[in-house]
Amino acid sequence: MSRGLGDVYKRQGLLTDRQRQVLVAARIHDVPLAEIADRMGTNRNALYKLLHDARQRLKSKMEEEGLSAQDVLDAFSLTG
């Protein structure tokens, strides 16, 4: 499900490939930032910036569409 959501945002041009890769690895697969940095040939500070920018873009898009953080959490709830 999370990969599908990422693909939607990728198609819409909301996130760059690198932002999507870091966001999925760090927040969905719980890969440590040091490991992601090593795999991507970058450093942790660059990853923090990528994550920050990705979250800002997602937040802006959610606000444009009238979605709250709870709406998104509810969409991913296993009990709903």
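The values are calculated or read from the model by the stated rules, or taken from the named source; none is laboratory data. The shown structure was predicted, so the numbers you read here are calculated from the model rather than taken from an experiment. Quick reminder, even Gly has a Cβ in these numbers, built from the backbone with ideal geometry, and neighbours come from all protein chains shown. Heads up: the accessible areas ignore ligands, DNA and RNA and are worked out on the full protein's heavy atoms, side chains in. Shrake-Rupley method; radii C 1.70, N 1.55, O 1.52, S 1.80 Å.
Does any residue of segment 59-73 turn out to be hydrophobic (A, V, I, L, M, F, W, C) and open to solvent by 80 Å² or more (accessible area, probe 1.4 Å)? Yes, segment 59-73 contains at least one residue that is hydrophobic (A, V, I, L, M, F, W, C) and open to solvent by 80 Å² or more (accessible area, probe 1.4 Å). If you go through segment 56-80 and keep only what is in contact (Cβ under 8 Å) with a residue 24 or more places away in the chain and under 12 Å from the mean Cα position of the chain (by Cα), you end up with R57, L58. Taking the stated definitions as given, is Q70 more than 20 Å from G13 (Cα to Cα) and assigned to a helix (DSSP H, G or I)? The answer is yes for Q70. Would you check which residues across segment 22-55 are open to solvent by less than 90 Å² (accessible area, probe 1.4 Å), more than 25 Å from D71 (Cβ to Cβ) and in contact (Cβ under 8 Å) with a residue 12 or more places away in the chain and list them? Those that are open to solvent by less than 90 Å² (accessible area, probe 1.4 Å), more than 25 Å from D71 (Cβ to Cβ) and in contact (Cβ under 8 Å) with a residue 12 or more places away in the chain: L33, I36, M40, L47.
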